[in-house]
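Notes for the one structure printed next.
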Amino acid sequence: MTDISEAGHPAAGGYPAGAWLPSGPLRMTPARWTVLALAVPVALALIGWAGFNLVSLFAKGSYPFSFGVPVYDGQVNVNLNVGNVTMRQVPGQQARVTGTVQYGLFRPDMSANPAPGGSAVGVNCDGVANNCNVNATLDVPARTAVTLASGGGDIGVSGFSSNLTLSAAGGNLTASNLAGKLLLDTGGGDLSGSGLSGTIQISTEGGNVNVGDLVGPMRLDTGGGDLSGNGFTGNLQLSTEGGNVDANAVTSQQVSVQSGGGDVTVVFSQPPQNVAITAQGGNVTVILPPGGTRYHISTPDSQGSNVSYPSALASTASHNAITIDSGGGDVTISQAG
């Protein structure tokens, strides 16, 4: 005997008596045809794109490259639009860029063209799902000045004794054991340096700066990142637009520090002659070396902040001046034990 629902149709297995059941196939209305016409191509495109990306992920190719770079009047100028660059000093008189291009489904084009005073090396990594990457080495003869710009990759350099102007537009820059006129810049990446001497200018547009054993004169700036270092000799200028400053083992006689709101800590290994610190609201800590040196201490614009230093360190007759404008942050001056 067949059970009959209240709607007049046989009750299907699993449906309670009285449940509504369709009496026939779903009728295709114009609206439903429109939705179907739009949804099917989109679904097929998404499936195809996912498959394309999956294939691109596992499809890998590579090829080497090598380009000679002209040396003009003892200088090399190279602009590499993508990829990481390592610099090396080599014997001889020829400079050269070598490396490997790695890619996905499509092999990118590469070119080396003359540029004002040097060469522009370019890789077209704009292809769809190209997974493009470049690792390059710039070989430079000894005592050759170098101007190098990377369009986003990292730069690594060590052991040069010539003038260097290096710019990583987004990548990190690592430098060690350099001597000369040094202009080092990142457009957002971090900068690490050690064993640098000469006329030094370091800047980032947001990344952190971490350095050690610098012999100046020197100027270090960050566009918002922290600035830290250990071992400064020579006139010293430090500036951040919001990051903290932490300088240790400072033997510089002339020191200028500006902070856009971050805290400032400066630890001296030798008595400084002139220290000027401006912190727009950050706290300032200065630790002076042991000994009997007295300082002419001034703390203008410190209303509302706590100012602390031993009276035995202060003398208005001293030629060693310390001026701290904290802009509201606390000021602490002490002497190492």
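The values are calculated or read from the model by the stated rules, or taken from the named source; none is laboratory data. Note that the structure is a prediction, hence the values are computed from the model and not measured. Every residue, glycine as well, gets a Cβ built from its backbone with ideal geometry; the counts of neighbours run over all protein chains shown.
Overview of results
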| quantity | calculated |
| --- | --- |
| Matching residues, the stretch 228-240, being among the β-branched types (V, I, T) and within 16 Å of the chain's Cα centre (by Cα) | T240 |
| Strands (runs of 3 or more DSSP E) within the stretch 96-165 that include 2 or more residues in contact with a Ser or Thr (Cβ under 6 Å, 6 or more places away or on another chain) and closer than 28 Å to L196 by Cα | 133-141, 145-150, 155-158 |
| Residue within the stretch 56-74 that is loosely packed, with under 13 Cβ neighbours inside 10 Å and either in contact with a helix residue (DSSP H, G or I) (Cβ under 9 Å, 6 or more places away or on another chain) or at pLDDT below 70 (or both) present | yes |
| Failed item in (1) farther than 16 Å from L236 by Cα; (2) part of a strand (DSSP E or B), with Q303 passing the rest | (2) |
| Members of the stretch 151-173 found to be under 19 Å from the mean Cα position of the chain (by Cα), over 20 Å from V123 (Cα atoms) and surrounded by fewer than 19 Cβ atoms within 10 Å (Cβ to Cβ), listed by number | S158, T165 |
| Among residues of the stretch 256-276, those that are without any contact (Cβ under 8 Å) to a residue 40 or more places away in the chain and either among the aliphatic types (A, V, I, L, M) or assigned to a loop (DSSP other than H, G, I, E, B) (or both), counted | 8 |
| Answer from G198, G229, G234 - the residue that is of a type in the set (G, A, S), under 25 Å from F268 (Cα atoms) and in contact with a Ser or Thr (Cβ under 7 Å, 6 or more places away or on another chain) | G234 |
| Selected residue (only one of G231, G225 is under 20 Å from L183 (Cα atoms), modelled with pLDDT of 95 or more and in contact with a strand residue (DSSP E or B) (Cβ under 9 Å, 6 or more places away or on another chain)) | G231 |
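Residue-wise test of (1) surrounded by fewer than 15 Cβ atoms within 10 Å (Cβ to Cβ); (2) under 34 Å from the mean Cα position of the chain (by Cα); (3) closer than 25 Å to G224 by Cβ.
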site: G242; (1), (2), (3): no, yes, yes
site: Q253; (1), (2), (3): no, yes, no
site: Q270; (1), (2), (3): no, yes, no
site: N274; (1), (2), (3): no, yes, no
site: V286; (1), (2), (3): no, yes, yes
site: P290; (1), (2), (3): yes, no, no
site: I297; (1), (2), (3): no, no, no
site: P300; (1), (2), (3): yes, no, no
site: Q303; (1), (2), (3): yes, no, no
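Conditions (1) out of contact with any strand residue (DSSP E or B) (no Cβ under 7 Å at 6 or more places or on another chain); (2) among the polar types (S, T, N, Q); (3) touching a residue at least 24 places away in the same chain (Cβ under 8 Å), marked per residue:
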residue: V101; (1), (2), (3): no, no, yes
residue: D109; (1), (2), (3): yes, no, no
residue: A112; (1), (2), (3): no, no, yes
residue: G151; (1), (2), (3): no, no, yes
residue: S176; (1), (2), (3): no, yes, no
residue: K181; (1), (2), (3): no, no, no
residue: S197; (1), (2), (3): no, yes, no
